[in-house]
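The values are calculated or read from the model by the stated rules, or taken from the named source; none is laboratory data. Just so it is clear, the model here is predicted, and its values are computed rather than measured. No Cβ is skipped: glycine too gets one built from the backbone with ideal geometry, and neighbour counts run over all protein chains shown. Only protein heavy atoms, including side chains, enter the accessible area calculation; ligands, DNA and RNA are left aside. Shrake-Rupley method; radii C 1.70, N 1.55, O 1.52, S 1.80 Å.
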Amino acid sequence: RLIRLRERLAKSNSIFGKGLLALLSSDRIDEGVWEEVEETLLLADIGTDASMDLVDTLRERVRVMGTRSPEHVRAMLREELVNLVDPTMDRTLNVARTDGKPAVVLVVGVNGVGKTTTVGKLARVLVAEDKDVLLGAADTFRAAAAQQLATWGARVGVPTVKSDVDGADPASVAFEAVKSGIEQEVDVVMVDTAGRLQNKVGLMDELGKVKRVIEKQADVDEVLLVLDATTGQNGLAQAKVFAEVVDITGIVLTKLDGTAKGGIVVAIQKQLGVPVKLVGLGEGPDDLAPFDAESFVDAILA
Ligand code: GDP
């Protein structure tokens, strides 16, 4: 999987990594070069503060380094980028049964970011780890959403609890899903939700209620916020709204295969103080990878 992360990211994101390497390998690194370095970081969506900090650190390191070999420059850049992505964050998914009950994973995010697809892919990963999984289709807003989730469930070989009534109460579907999961003694219940950001109060009410209703029966172990990496600053704004509504425990960054803006990982983690735990690298069932600072940076510098 990590090899795939490397292959998939290399295409779009190495443009940014290679650009940085080339700039830092210039014979003379003057202010103009540093400006270009900063611009490159900003274009990759790393964010203003982080870009400035990184440039300051690199400038100081290059100054004290004296002679620079390409290996030196590469090692230095790798080290600083890894630090920025933060290898110390705990990226483990909490999907173990506790107190004789299934782990509950709530998946939230705006429509179209890849929530349902992520639930399907993650179910597949968990099934491959020999876990019994059950899906709950609490995205009752879009008529086709529940069916799309059930299709993923069938594809992966796990049951889906959904309502056949259009516009059913998401909280009741979530309740029924967790209830079934407890009765069937599954390991993980994953609940897909709707994300109508147009109405923040409505969203807050709905997600809050979904969570409360689940918690009448079992703890919610993970709240995964799914964000589309291609949406840049817009994604950051979305993340903020969701973080106000529920306690996010992890981020899934989708569509990293289609953007050179991998720096958004840094910006989002800094903004929310929550780790990116998984990344989406395509539309297929295997296109989900665990996130890890070192492999990510190696992919960027590949
Ligand atoms: P939802 O509305 O948030 O549930 O989004 P969906 O799961 O329906 O996904 C929306 C679209 O994004 C679909 O066409 C997916 O195939 C696509 N998609 C989801 N994840 C990824 C990804 O990691 N990479 C790419 N390239 N496409 C993705």
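What is the antiparallel percent of DSSP beta bridges lying wholly in the chain, to the nearest 5?
Taking every DSSP beta bridge within the chain, about 15 percent pair in antiparallel fashion.
With only Lys, Arg, Asp and Glu charged, each at its Cβ (+1 for the first two, -1 for the last two), find how big the charge dipole of the chain is about the Cα centre; round to the nearest 20 debye.
Dipole size: approximately 420 debye.
So, R0 is 41 Å and r is the distance between the beta-carbons of residue 212 and residue 57; what FRET efficiency does that work out to, to 0.05?
0.40
If I compute solvent accessible area with a 1.4 Å probe over the protein chains, what percent of it on segment 175-223 is carbon and sulfur?
45 percent
Multiply the residue separation of residue 169 and residue 33 by 0.36 nm, subtract the distance between their alpha-carbon atoms, and state the gained length in nm to one decimal.
Once the chain is fully extended between residue 169 and residue 33, it gains 43.3 nm.
Can you work out the Karplus-derived ³J(HN,Hα) for every residue in segment 288-302? Use 6.51 cos²θ - 1.76 cosθ + 1.60 with θ = phi - 60°, whole Hz, and x for glycine or proline.
9, 10, x, 9, 8, 4, 5, 5, 5, 5, 4, 5, 5, 8, 5
First measure r as the distance between the Cβ atoms of residue 271 and residue 96, then evaluate 1/(1 + (r/R0)^6) with R0 = 25 Å and state the FRET efficiency to the nearest 0.05.
Using R0 = 25 Å, I get an efficiency of 0.30.
Would you mind checking which residues have amide H under 5 Å from residue 161's amide H? H placed 1.01 Å from N; only 5 or more apart, or other chain.
Correct list: 135, 136, 137.
From the phi of every residue in segment 165-181, what ³J(HN,Hα) in whole Hz does the Karplus formula 6.51 cos²θ - 1.76 cosθ + 1.60 yield, where θ is phi - 60° and glycine or proline is x?
Karplus-based 3J(HN,Hα) across segment 165-181 equals 8, 5, x, 4, 5, x, 5, 5, 5, 4, 4, 4, 5, 5, 4, 4, x Hz.
Under a cut-off of 28 Å between alpha-carbon atoms, report the lysines in cross-link reach of residue 18, not counting same-chain residues fewer than 8 places apart.
Within the straight-line limit of under 28 Å, residue 18 reaches these lysines: 255, 261, 270, 277.
What's the ranking of 251-257, 202-208 by average number of surrounding C-beta atoms within 10 Å, highest first?
So the peptides 251-257, 202-208, ranked by packing, come out 251-257, 202-208.
Before anything else, pin down the relative contact order of segment 110-159: Cα pairs under 8 Å, at least 6 apart, normalised by residue count, whole percent.
42 percent
Between residue 97 and residues 5 or more places away or on another chain, which pairs have amide H atoms under 5 Å apart, with H built 1.01 Å from N, and which residues are they?
Residues meeting the amide H criterion: 103.
Take residue 69 and residue 286, extend 7 Å from each Cα along the Cα→Cβ direction, and tell me the distance between the two endpoints in nm.
It works out to 3.8 nm between the two label points.
In segment 70-156, carbon and sulfur make up what percent of the accessible area (probe 1.4 Å)?
Using a 1.4 Å probe with all protein chains present, segment 70-156 comes out at 50 percent carbon and sulfur.
Which lysines have a Cα less than 17 Å from the Cα of residue 131, not counting those fewer than 8 places away in the same chain?
101, 121
What relative contact order, as a whole-number percentage, does segment 245-299 give when Cα pairs under 8 Å and 6 or more residues apart are counted?
Reported as a whole number, the value is 35 percent.
Can you give the charge dipole size of segment 202-302 about its Cα centre, rounded to the nearest 20 debye, using +1 on the beta carbon of Lys and Arg and -1 on the beta carbon of Asp and Glu?
Result for segment 202-302 is approximately 400 debye, rounded to the nearest 20.
Filter the trypsin sites (Lys or Arg not before Pro) in segment 13-82 down to the DSSP loop ones having no more than 11 other Cβ atoms within 10 Å, then list what survives.
28
If you keep only loop residues by DSSP, which trypsin sites (Lys or Arg not before Pro) in segment 153-228 have at most 11 other Cβ atoms within 10 Å of their Cβ?
For trypsin sites (Lys or Arg not before Pro) across segment 153-228 that sit outside H, G, I, E and B with at most 11 neighbouring Cβ atoms in 10 Å, the list reads 216.
Any idea of the accessible area per residue across the chain, 1.4 Å probe, to the nearest Å²?
44 Å²
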